[in-house]
Amino acid sequence: TGKAETFEFQSESRQLLQLVVHSIYSEKDIFLRELISNASDALDKLRLESLRDSGLDADTSDLHIALETDTAERTLTVRDNGIGMSRDDVVELIGTIAKSGTAEFARKLKEANDAKDATVSTDLIGSFGVGFYSSFMVADRVTLVTRRAGEKEGTRWESEGEGTYRLQRVEDAPQGTSVTLHLKPVDEEDNLHDYTAEHTLRSIVRRHSDFIPWPIRTEVEREEDGTTTRAVDTLNSMKALWGRSPEEISEEEYTEFYRHVSHDWSDPLRTIHTRAEGTFEYQALLFLPSRAPVDLHQQDARRGVNLYVRRVFIMDDCTTLLPEYLRFVKGVVDAQDLSLNVSREALQQDRQIQLMHRRLVKKILASVKSLRTEDPERYATFWREFGRALKEGLLSDADNRATILEVSSFASTHDAEAPTSLRAYKERMKEGQEHIYYVTGTSRARLENSPHMEAFLAKGYEVLLLTDPVDEVWVEQVGDFDGTPLQSVAKGRVDLEPADKEAEESEEAARRKEEFGPLLEWLGTRLGEQVKEVRLSARLTTSPACIVGDEFDVTPTLEKMYRAMGQ
Ligand code: ADP
Ligand code: MG
């Protein structure tokens with residue numbers, strides 16, 4: 001056993017630890033769920049690695065999680081014989097920020113605290129999981145001993161959760177990881193329970209970790225006829241939640257499972273539990289989160305669902321099962337007839353996976369559709385958080401375009417507060433209106449004041465105000481909604497007069513042409529190459545002139561986007 005070396009936590013980690021130590025979460029019991037969740041992941045990983053690599057020097061004969069207590073020392077140890085961590089892993093995963101978005105979270109929280117905005121900070125905290133660090137809610141010292149499967153040497157990590165941690169080599173560490181908590185004194189008022197008591201552990205495991213697929217064992221004492229016997233008891237039922245029938249699963253169970261698979265501490269917005277039987281069987285338990293991760297629109301974000309084959313964990317972040325535009329969906333897919341050895345590359349070619357992919361997309365979109373009718377408030381949350389991502393599907397997923405349009409919402413001149421569906425837009429269309437009008441740009445305020453809008457507003461036509469960058473692109477591809485063409489108010493000629501009025505006004509038009517002919521000609525020569533044509537228009541009511549694009553021109557925003565991309 002080597003000498004202990006002291007290291008400093010990365011500054012964001014230190015901030016996060018401070019928050020934890022100063023007890024930001026009211027429910028302290030959840031530290032156990034977090035440690036068990038990590039242990040369970042480590043067991044999944046070991047089983048998988050030993051399947052893939054038959055030469056791996058690891059014992060997989062009795063994979064389990066053990067809770068060990070010492071009432072005299074007041075310690076609780078959560079032990080697993082899973083994959084373990086190398087010394088570098090420990091430094092990287094425990095000493096620094098492993099979770100994407102942590103830095104962002106710490107920054108936002110500091111802002112809220114500085115602004116003394118208590119509602120924002122409690123809201124933020126409630127939704128942000130601190131994982132391993134949650135141990136410091138109940139312990140004033142944490143010792144982690146770990147050895148990576150296949151490696152000889154182990155590592156001991158210890159910290160008081162303040163500025164520093166200590167690392168030490170250990171020679172005789174068992175395979176896997178043990179986390180020992182030196183518990184703070186029991187304080188029922190502060191929700192610090194006695195975590196050395198069997199009944200406390202039993203009830204926490206029941207509530208938060210029952211579905212964990214590995215046995216969670218603890219040693220129990222039984223008094224019978226005056227003699228005390230000790231026995232090992234398994235605290236969880238180990239039933240895979242997705243394999244059970246939805247009628248017998250409570251909302252709490254779904255929520256706890258969601259937290260385990262998503263590493264997110266908030267409640268899911270919607271649960272999608274489905275199975276397919278027949279030639280190709282699978283079960284899926286998917287969730288729409290209630291909040292977008294901060295990195296939803298970044299390239300390197302974590303995405304995808306967990307893939308299992310007959311209850312055996314195969315991979316997390318499986319991106320082949322769902323399209324990019326549904327990257328926010330979390331959960332588990334369990335396939336019956338896939339090989340346990342399937343690789344990420346092989347998955348992409350697999351016909352069964354492709355079939356599953358198609359069915360799951362349909363299920364998810366159908367679920368969003370029913371969310372809209374059943375629970376408009378939740379749907380509004382969904383749309384605010386994930387609408388931008390979903391609209392990418394209008395471009396990439398031509399097969400489901402109609403459904404995506406159906407479940408999408410758009411800001412419109414009809415109501416400044418609530419976005420509208422295209423269906424509702426159509427129902428409000430004026431007599432004689434043949435198009436769904438829209439305008440694209442960078443902000444609602446700018447669009448509302450755009451001269452292109454004048455005639456439409458004067459006529460009482462509703463116009464969709466599209467301000468997401470992706471809107472520029474999909475409107476080009478999507479010609480119509482349910483047979484009604486989409487038309488930009490800023491492009492081409494827009495016929496605002498119904499056909500029968502045209503004849504009536506032709507005399508008027510001829511008169512105006514004569515009156516303004518010289519002006520148009522003069523403008524045309526002055527502007528020269530900069531414009532294609534100068535013409536009289538019926539679209540303006542108060543502004544004297546406006547620039548319109550040709551039917552097939554790129555819009556100003558797109559032009560900027562292309563220029564920014566160097567094209
Ligand atoms: P998260 O689980 O969301 O990634 P945690 O803070 O809970 O965040 O854990 C950080 C990382 O530390 C994990 O992703 C994992 O790589 C590693 N880790 C934690 N506990 C264990 C364990 N018992 N065995 C192996 N690795 C672990
Ligand atoms: Mg974790």
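The values are calculated or read from the model by the stated rules, or taken from the named source; none is laboratory data. The structure presented is a predicted model; accordingly, all values stated were derived computationally and were not measured. A quick note on method: Cβ atoms are made from the backbone with ideal geometry, for glycine too, and the neighbour counts reach across all protein chains shown.
Restricted to region 86-95, and to residues that are within 21 Å of Phe31 (Cβ to Cβ) and either within 13 Å of ligand 2 (Cβ to nearest atom) or basic (Lys, Arg) (or both), which residue is surrounded by the most Cβ atoms within 10 Å (Cβ to Cβ)?
Ile94
Just checking: which of the helices (runs of 4 or more DSSP H) contained wholly in region 353-454 hold 3 or more residues that are at pLDDT 95 or above and out of contact with any Cys (no Cβ under 6 Å at 6 or more places or on another chain)? Walk me through how you get there before you give the answer.
Working: elements: 376-391, 393-396, 401-407, 422-428, 444-448.
Correct list: 376-391, 401-407, 422-428.
In the set Glu153, Glu160, which member is more than 16 Å from ligand 2 (Cβ to nearest atom), farther than 16 Å from Val90 by Cβ and surrounded by fewer than 17 Cβ atoms within 10 Å (Cβ to Cβ)?
Glu160
Of all residues in region 16-46, how many are part of a helix (DSSP H, G or I), more than 14 Å from ligand 2 (Cβ to nearest atom) and surrounded by fewer than 19 Cβ atoms within 10 Å (Cβ to Cβ)?
Here is the first cut: in region 16-46, the residues part of a helix (DSSP H, G or I) are 16-21, 30-46.
The next check asks that each one be more than 14 Å from ligand 2 (Cβ to nearest atom); those that pass are 17-19, 21, 46.
Then keep just the ones that are surrounded by fewer than 19 Cβ atoms within 10 Å (Cβ to Cβ); that gives 18, 21.
Total meeting the criteria: 2.
Check Thr255, Thr320 and return the single one that is among the β-branched types (Val, Ile, Thr) and either assigned to a helix (DSSP H, G or I) or at pLDDT 95 or above (or both). I'd like the intermediate steps shown before the answer.
Details: Thr320 fails: either assigned to a helix (DSSP H, G or I) or at pLDDT 95 or above (or both).
One residue alone meets the criteria, Thr255.
Please state which one of Gly243, Gly304 is crowded, with 18+ Cβ neighbours inside 10 Å and either within 30 Å of Asp337 (Cα to Cα) or not small (Gly, Ala, Ser) (or both). Before you say what the answer is, go through the steps one by one.
On the way: Gly243 fails: crowded, with 18+ Cβ neighbours inside 10 Å.
After applying the criteria, what remains is Gly304.
Spot the failing condition for Ala424; the list is (1) surrounded by 18 or more Cβ atoms within 10 Å (Cβ to Cβ); (2) within 23 Å of Val470 (Cβ to Cβ); (3) hydrophobic (A, V, I, L, M, F, W, C), and only one is missed.
Among (1) surrounded by 18 or more Cβ atoms within 10 Å (Cβ to Cβ); (2) within 23 Å of Val470 (Cβ to Cβ); (3) hydrophobic (A, V, I, L, M, F, W, C), Ala424 violates only (1).
Given the criteria surrounded by 17 or more Cβ atoms within 10 Å (Cβ to Cβ) and either charged (D, E, K, R) or in contact (Cβ under 8 Å) with a residue 24 or more places away in the chain (or both), does Leu457 qualify?
Details: surrounded by 17 or more Cβ atoms within 10 Å (Cβ to Cβ): no; either charged (D, E, K, R) or in contact (Cβ under 8 Å) with a residue 24 or more places away in the chain (or both): yes.
Judged against the criteria, Leu457 is not a match.
Spot the failing condition for Glu198; the list is (1) over 30 Å from Glu151 (Cα atoms); (2) crowded, with 18+ Cβ neighbours inside 10 Å, and only one is missed.
(2)
List the residue pairs whose Cβ atoms are under 9 Å apart, where the first residue sits in region 243-270 and is more than 21 Å from Tyr379 (Cα to Cα) and touching a residue at least 12 places away in the same chain (Cβ under 8 Å), the second is among the acidic types (Asp, Glu) and assigned to a loop (DSSP other than H, G, I, E, B), and the two are 6 or more positions apart or on different chains.
Close Cβ pairs (under 9 Å, with a partner that is among the acidic types (Asp, Glu) and assigned to a loop (DSSP other than H, G, I, E, B)) amount to Glu253/Asp210; Glu256/Asp210.
Looking at Leu51, Leu56, which is the one that is more than 15 Å from ligand 1 (Cβ to nearest atom), part of a loop (DSSP other than H, G, I, E, B), more than 23 Å from the chain's Cα centre (by Cα) and among the hydrophobic types (A, V, I, L, M, F, W, C)?
Unique residue meeting the criteria: Leu56.
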